[in-house]
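Structure first, then comments.
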Amino acid sequence: MMEMQSPDTGIKTQTQPVMVTSIPHAVTGNDIMQWILQRLKITAEEALHLGDLFVKYGYIYPLQEPKNLTLRADGSLYRFQTPYFWPVQGWAADDTDYAIYLAKKNIKRKGILEEYEKEHYNMLNQKINYKWDFVIMQAKEQYKAGKERKKEDRYALDCQERAYWLVNRTPPGMLSALEYGIDRVTDPNESKVNQLFVSCVCCAARPL
């Protein structure tokens, strides 16, 4: 993952138009797949599957379809997730952080959350009610700070946060990549790709 982002050997990022703004440091799904294909000398099918795993585990996040954690091998746009949020760091997603995220989203959308988010919001309100004032205060501060950011930064951060919580608080009906596990294989033909993924993730954890 570090090599993919290297200025010398990695994927070249560009400023790309998304919605009503332009997002810097974006890459296309095709660029990601082609880089993996050439770097690892594997088949196109394996390269696409490996790239898809990177998205599903939250190492890369989509800019145009934030709720769709799949890699499209075309001009669809993506960005690399901040290393702090990589699953390989081994930090459990905190209930308080998730509550702040939902509260901020609730403020931004004036109470309009997805059904499963409403359930989580209400459950967290009961579970950590003793510090709910803190949750709301933080949510308001983050919302205010977000409004002061440039439009492109605000949009990218929204996509980044949504991808992180889709991975760490998977909606009903969506396969949880973290619960499934990177070393589990249901199809024997996928073992090579999963081994490559484990290898790439381990390399990403090593210091430069």
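Every read-out reported here was derived from the displayed coordinates using simple, explicitly stated rules and does not represent laboratory data. Everything numeric here is computed off the predicted structure, so don't read it as measured data. Glycine gets a Cβ as well: all are built from the backbone with ideal geometry, and neighbour counts include every protein chain shown.
Below is a table of values for the structure above.
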quantity	calculated
Of Pro66, Met19, Pro87, farthest towards positive along the dipole that unit charges on Lys, Arg, Asp, Glu beta carbons give the chain	Met19
Chain lengthening between Met19 and Glu141 when straightened (0.36 nm per residue, less Cα-Cα)	41.3 nm
Helical contribution to [θ] at 222 nm, DSSP H n ≥ 4, -39,500 (n - 2.57), averaged over the chain, rounded to 500	-16000 deg cm²/dmol
Angle in degrees between helix 44-56 and the longest Cα principal axis of the chain, rounded to the nearest 10	20
Acute angle (nearest 10 degrees) that the helix 151-168 long axis makes with the longest principal axis of the chain, alpha-carbon atoms	80
Length-normalised contact order of the chain in % [C-alpha pairs under 8 Å, at least 6 apart]	23
Restricting region 1-62 to trypsin sites (Lys or Arg not before Pro) in coil, as DSSP defines it, with at most 16 other Cβ within 10 Å	Lys12, Lys41
GluC sites (Glu not before Pro) restricted to DSSP loop in region 138-174 with at most 14 other C-beta within 10 Å	Glu148
Karplus 3J(HN,Hα) series, Hz, for region 104-116 with 6.51 cos²θ - 1.76 cosθ + 1.60 (x for Gly, Pro)	5, 5, 5, 5, 4, 9, 6, x, 9, 10, 5, 4, 5
Pairwise centroid distance, computed over Cα atoms, of region 70-106 with region 14-43, Å	18
Three semi-axes of the equivalent ellipsoid, the chain, Cα gyration tensor, whole Å, largest first	31, 21, 15
Size of electric dipole in region 4-64: Cβ of Lys, Arg +1 and of Asp, Glu -1, about Cα centre, debye, nearest 20	80
Region 33-114: radius of gyration over Cα atoms, expressed as a fraction of 2.2 N^0.38 Å	1.35
Under 5 Å, built H, 5+ apart or other chain: amide partners of Val18	Ile23
Separation of the Lys131 and Asp94 label points, Cα + 7 Å toward Cβ, nm	0.6
Gyration tensor (Cα) of region 95-168, equivalent ellipsoid semi-axes in angstrom	20, 14, 11
Nearest-20 debye value, the chain charge dipole, Cβ charges on Lys, Arg, Asp, Glu	720
Computed over region 1-55: relative contact order in percent, which uses C-alpha pairs under 8 Å that are six or more apart	22
Lys/Arg +1, Asp/Glu -1 at C-beta; the chain dipole; positive extreme among Gln160, Gly10, Leu53	Gln160
